[in-house]
Amino acid sequence: MKKMTYVASLFAFGLISGVAHADFNTELNASVLKADDLKIYALGGSYYFDRVHTNKGPLAEATFLDKQSSVDAVFTRFDFDNDNLNAWALAGTYVVQGTGLYLNASVAHLNGYSEDAYSFGGGYYLSRDLAVFINTEYDEDLNYQGMSLGSKKLFNLGSERYVSLEGVYNNPDKGEDSFAISSDFYLNRAFSVGLGYEWADKFSDGITSMRSQWFINKQFAVSGEVSYADYEGDSETSYMLGGTMRF
């Protein structure tokens, strides 16, 4: 079960990274992850109330550099050990324009469980390419379940090359604290390669991921990721493919 949690958390982490090309209001995503005894399928979408502009840096960083208020939904199916689970989540983000502040909230449900999970958080832009954020989690009765703190910075190297750096600290109410770091190198505005690592308790027990994104044209993008999870001597490799359409 711990191994499944590690792989599932990695998949969720990968879903956070959006892709973009032309200015847009709507984003649709589809992804599939395959491990030895686990498949995860996901379909999701976001609607932005104001158009997101993509001329401020890497195309994949459009929603970071030009953050807009949005509503989001995702459906996820887990197939493992001849069994399956379905989950859905709804989320919303409100950007206080002109202040650098934004607020977000979400609700998630996993079939077979009577309780939903809620999260509330927000963030602040210290500059146009540097943000800090916090998220808190609660059960159906709004009992506190944990929190996460993070920061993201995008560095402009010139000649349309960039490097992003992100770090997240997770502090659950029960269980071990965990940490995640990731970085993407943009060879140009349309293509990137990246590395990520997530661990809890011991640094040597964690998930190492390598990923890449490529924008085929103004509406479509493809992404891929290979990850290696090692937890208390039990290891597993997973593969993820994804596609995105924006308009």
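The values are calculated or read from the model by the stated rules, or taken from the named source; none is laboratory data. A quick note: this is a predicted structure, and the numbers were derived from the prediction, not measured. All Cβ positions, even for glycine, are placed from backbone atoms using ideal geometry, and neighbour counts span all protein chains on display.
Number of residues in segment 192-204 that are touching a residue at least 12 places away in the same chain (Cβ under 8 Å) and within 18 Å of Ser182 (Cβ to Cβ): the value is 9. Residues considered: Tyr118, Tyr144. Of these, the only one that is of a type in the set (Phe, Trp, Tyr), modelled with pLDDT of 95 or more and surrounded by 13 or more Cβ atoms within 10 Å (Cβ to Cβ) is Tyr118.
Residues in segment 170-211 that are of a type in the set (Ser, Thr, Tyr) and over 14 Å from the mean Cα position of the chain (by Cα): Ser178, Tyr186, Ser192, Ser204, Thr208.
Kindly indicate the residue of segment 30-39 that is at pLDDT below 95 and touching a helix residue (DSSP H, G or I) at 6+ places or on another chain (Cβ under 7 Å) and also surrounded by the most Cβ atoms within 10 Å (Cβ to Cβ) among those meeting that condition. Taking the candidates together, the pick is Ala35. When each of Asn104, Asn84, Asn170, Asn156 is tested for being part of a strand (DSSP E or B), free of Cβ contacts under 8 Å to residues at least 12 places away in the same chain and not hydrophobic (A, V, I, L, M, F, W, C), the lone residue that passes is Asn84.
Conditions (1) without any contact (Cβ under 8 Å) to a residue 24 or more places away in the chain; (2) within 26 Å of Gly57 (Cβ to Cβ), marked per residue:
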| residue | (1), (2) |
| --- | --- |
| Tyr125 | no, yes |
| Thr136 | yes, no |
| Asp139 | no, no |
| Ser151 | yes, yes |
| Glu176 | no, no |
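For segment 68-81, a residue qualifies if it is in a loop (DSSP other than H, G, I, E, B) and of a type in the set (D, E, K, R), and exactly one does: Asp81. May I ask you to verify whether Val222 is part of a strand (DSSP E or B), surrounded by 15 or more Cβ atoms within 10 Å (Cβ to Cβ) and of a type in the set (A, V, I, L, M, F, W, C)? The answer is no for Val222. When the residues of segment 112-153 are filtered to those that are in contact with a helix residue (DSSP H, G or I) (Cβ under 8 Å, 6 or more places away or on another chain) and not in a loop (DSSP other than H, G, I, E, B), the one that is farthest from Val95 (Cα to Cα) is Lys152. Screening segment 41-67 for residues that are in a loop (DSSP other than H, G, I, E, B) and buried (at least 21 other Cβ atoms within 10 Å of the Cβ) and picking the one that is nearest to the chain's Cα centre (by Cα) gives Pro58. Of everything in segment 188-199 that is touching an Asp or Glu at 6+ places or on another chain (Cβ under 9 Å) and part of a strand (DSSP E or B), the residue that is farthest from Leu154 (Cα to Cα) is Trp199.
Okay, residues lined up against (1) among the hydroxyl-bearing types (Ser, Thr, Tyr); (2) in contact with a strand residue (DSSP E or B) (Cβ under 7 Å, 6 or more places away or on another chain); (3) under 20 Å from Ser238 (Cβ atoms):
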position: Ile181; (1), (2), (3): no, yes, yes
position: Arg189; (1), (2), (3): no, no, no
position: Lys202; (1), (2), (3): no, no, no
position: Met210; (1), (2), (3): no, yes, yes
position: Phe215; (1), (2), (3): no, yes, no
position: Gln219; (1), (2), (3): no, yes, no
position: Ser227; (1), (2), (3): yes, yes, yes
